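Colleague: Once you've had a glance at the structure underneath, I'll fire off some questions.
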Amino acid sequence: QVQLVESGGGLVQAGGSLRLSCAASGRTFSNYAMGWFRQAPGKEREFVARISRTRGRTYYADSVKGRFTISRDNRKNTVSLQMNSLKPEDTAVYYCAADPDSTSYSSAGSYDYWGQGTQVTVSS
C-alpha cells in the first residue's frame, strides 16, 4: 500500500497563498498519478488537481485554474499544491490521493490511497 501525509494547511486571508505538501511512502512513487481533492462541510469530495506519473501532465478543476498549481518531485516522493489568490469558497479539508491505474482523473473512486487531509480556511 501507499501511505500519504498532507501538511501545510492553515488560516489565510482572502487573496493570500498557501502551499500544501503530501509525502508518500510504501510503494514506488513514480508509478502513481497523484491528485488533490477537497471537501467542505456538508459537501461531497471535490476534484481539485491531478498530475500524471512520469510526464507531469496536469489537470485542474475549472474553479482553480490559473490560481492553483500541482507539482511533484519523484526523487523526494512528494506532491505539492501551490494555492494563490485564495477565496473563501476554497475553504475545505484538502486531501492528496494516489492513482495506480490512470483512469478517470476527476473521480474520487479512481484513487486507491488517501491521506488524512489538512484544513485550509480562507477568511473574508
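The values are calculated or read from the model by the stated rules, or taken from the named source; none is laboratory data. Keep in mind that what you see is a predicted model, and the values were worked out from it rather than measured. Cβ sites come from the backbone with ideal geometry, for glycine too, and all protein chains shown count toward neighbours. Calculation scope for accessible area: heavy atoms of the full protein, side chains included, ligands and nucleic acids excluded. Shrake-Rupley method; radii C 1.70, N 1.55, O 1.52, S 1.80 Å.
Colleague: Just give me the residues in segment 52-87 being within 17 Å of VAL2 (Cα to Cα) and in a strand (DSSP E or B), in sequence order.
Modeller: Restricting attention to segment 52-87, the residues satisfying the condition of being within 17 Å of VAL2 (Cα to Cα) are 52-53, 72-80.
The answer is ARG72, ASP73, THR78, VAL79, SER80.
Colleague: Which residues, counting only those in segment 88-109, are outside any strand (DSSP E or B) and over 19 Å from LYS43 (Cα atoms)?
Modeller: Taking segment 88-109 first, the residues outside any strand (DSSP E or B) are 88-91, 100-109.
Answer for segment 88-109, where residues must be outside any strand (DSSP E or B) and over 19 Å from LYS43 (Cα atoms): PRO100, ASP101, SER102, THR103, SER104, TYR105.
Colleague: State which residue is surrounded by the most Cβ atoms within 10 Å (Cβ to Cβ) when the search covers only segment 1-17 and only residues that are at pLDDT below 95 and part of a loop (DSSP other than H, G, I, E, B). Walk me through how you get there before you give the answer.
Modeller: Residues of segment 1-17 that are at pLDDT below 95, as a first pass: 1-3.
This time we only want the ones that are part of a loop (DSSP other than H, G, I, E, B), so: 1-2.
Numbers: GLN1: 9, VAL2: 20.
In this case the residue turns out to be VAL2.
Colleague: Among the listed residues ASP112, ASP90, identify the single one that is of a type in the set (Asp, Glu) and surrounded by fewer than 18 Cβ atoms within 10 Å (Cβ to Cβ). Even if it seems obvious, please write down each step before you answer.
Modeller: Working: ASP90 fails: surrounded by fewer than 18 Cβ atoms within 10 Å (Cβ to Cβ).
Exactly one of ASP112, ASP90 is of a type in the set (Asp, Glu) and surrounded by fewer than 18 Cβ atoms within 10 Å (Cβ to Cβ), namely ASP112.
Colleague: Restricting the first residue to segment 30-41 and requiring it to be loosely packed, with under 15 Cβ neighbours inside 10 Å, which pairs with a second residue that is among the small types (Gly, Ala, Ser) and modelled with pLDDT of 95 or more meet a Cβ separation below 7 Å and a spacing of at least six or different chains?
Modeller: So the pair list comes out as ALA40/ALA92.
Colleague: Which condition from (1) in contact with a strand residue (DSSP E or B) (Cβ under 8 Å, 6 or more places away or on another chain); (2) surrounded by fewer than 16 Cβ atoms within 10 Å (Cβ to Cβ); (3) not in a loop (DSSP other than H, G, I, E, B) is the one that ALA49 breaks?
Modeller: The number of the failed condition is (2).
Colleague: Quick check on segment 18-33: of everything there that is in a strand (DSSP E or B) and modelled with pLDDT under 95, which residue is nearest to SER63 (Cα to Cα)? Talk me through it step by step, then tell me what you get.
Modeller: The first filter runs over segment 18-33 and keeps only residues in a strand (DSSP E or B), leaving 18-25, 33.
If we keep only those that are modelled with pLDDT under 95 as well, we get 24-25, 33.
Numbers: ALA24: 26, SER25: 30, ALA33: 21 Å.
Looking at residues that are in a strand (DSSP E or B) and modelled with pLDDT under 95, I get ALA33.
Colleague: To continue, here is another question. Within segment 18-29, count every residue that is within 11 Å of the chain's Cα centre (by Cα) and either open to solvent by less than 30 Å² (accessible area, probe 1.4 Å) or of a type in the set (S, T, N, Q) (or both).
Modeller: Here is the first cut: in segment 18-29, the residues within 11 Å of the chain's Cα centre (by Cα) are 19-22.
Filter once more, so that each one left must be either open to solvent by less than 30 Å² (accessible area, probe 1.4 Å) or of a type in the set (S, T, N, Q) (or both): 20-22.
Of the residues in that region, 3 qualify.
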